[in-house]
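Below is one structure, written out as structure tokens; the observations come after it.
Quick note: the coordinates plus some simple rules give every number you see, no bench work behind them. The structure displayed is predicted, hence computed values, not measured ones. A quick note on method: Cβ atoms are made from the backbone with ideal geometry, for glycine too, and the neighbour counts reach across all protein chains shown.
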Amino acid sequence: MRAIIFQTFILAGAAAMCVHASSLNAQESAMDQPPPSLGDAACDADSDITTMVSRYTIDQTIQRLKESLEMAGLSVVAILEQSVAGDKTGAQSRHQETLVIGGDPRARTLLTNATPLVALDLPMKVLVWKDDEPVKVSFKAVECLRQRYALTPQAVKYFAHIEEAAERALR
């Protein structure tokens with residue numbers, strides 16, 4: 001039952017983002033940029049992810065992150081507890097993991113109109129997780145996203161909201 005409610009929530013959120021995004025005029029963007037060449041990414045698996053340490057519990061970290069993202073003007077579309085999938089399959093996760101998914105539909109539209117491949121990293125995701133101690137917060141490194149998609153400084157600001165929100169949440 002929980003999975004059906006969750007799937008309905010995700011579909012409704014995605015539909016709302018699409019409807020909102022399609023109503024925007026993407027031509028006014030200063031983010032227009034030619035698509036990057038496919039071999040431009042200089043970041044590797046070791047540097048592609050930024051991880052910060054939280055002094056709070058997982059639940060406190062998620063709540064603080066959610067509030068911080070909303071303060072930055074981003075919508076939190078979903079909060080996924082990864083252990084729910086394990087409950088259905090019988091597999092047990094060694095870690096506690098929660099994925100916070102969000103963004104700004106208008107900026108997403110402007111970014112994907114300029115660089116369609118950036119949709120692979122949208123909506124933005126933040127992983128709040130704990131293997132042992134302490135709780136950690138991880139997300140795609142802004143510099144790697146800038147390099148991968150040859151983003152303009154204006155476009156980089158959109159992704160920088162995640163890093164700024166995480167730093168604010170972990171203070």
| said: Report, to one decimal in Å, the Kirkwood hydrodynamic radius for the stretch 106-171 based on all distinct Cα pairs. | reply: 12.8
| task | Take every Cα-Cα distance within the stretch 90-143, group them into 5 Å bins from 0 onward, and report for each bin the whole-number percent of pairs it holds. | result | 5, 16, 21, 19, 14, 11, 8, 6, 1
| field | Lys pairs under 14 Å by Cα in the stretch 38-171, provided they are eight or more residues apart or on distinct chains | value | 4
| task | Note down the Stokes-Einstein diffusion coefficient of the stretch 45-171 in µm²/s, whole number, using a Kirkwood radius over alpha carbon pairs, 4 °C, and 1.567 mPa s. | result | 85
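Give me 48, 132 ranked fewest to most by other Cβ atoms within 10 Å of their Cβ, as a rough exposure proxy.
Working: 48 15, 132 6.
The most exposed by this proxy come first: 132, 48.
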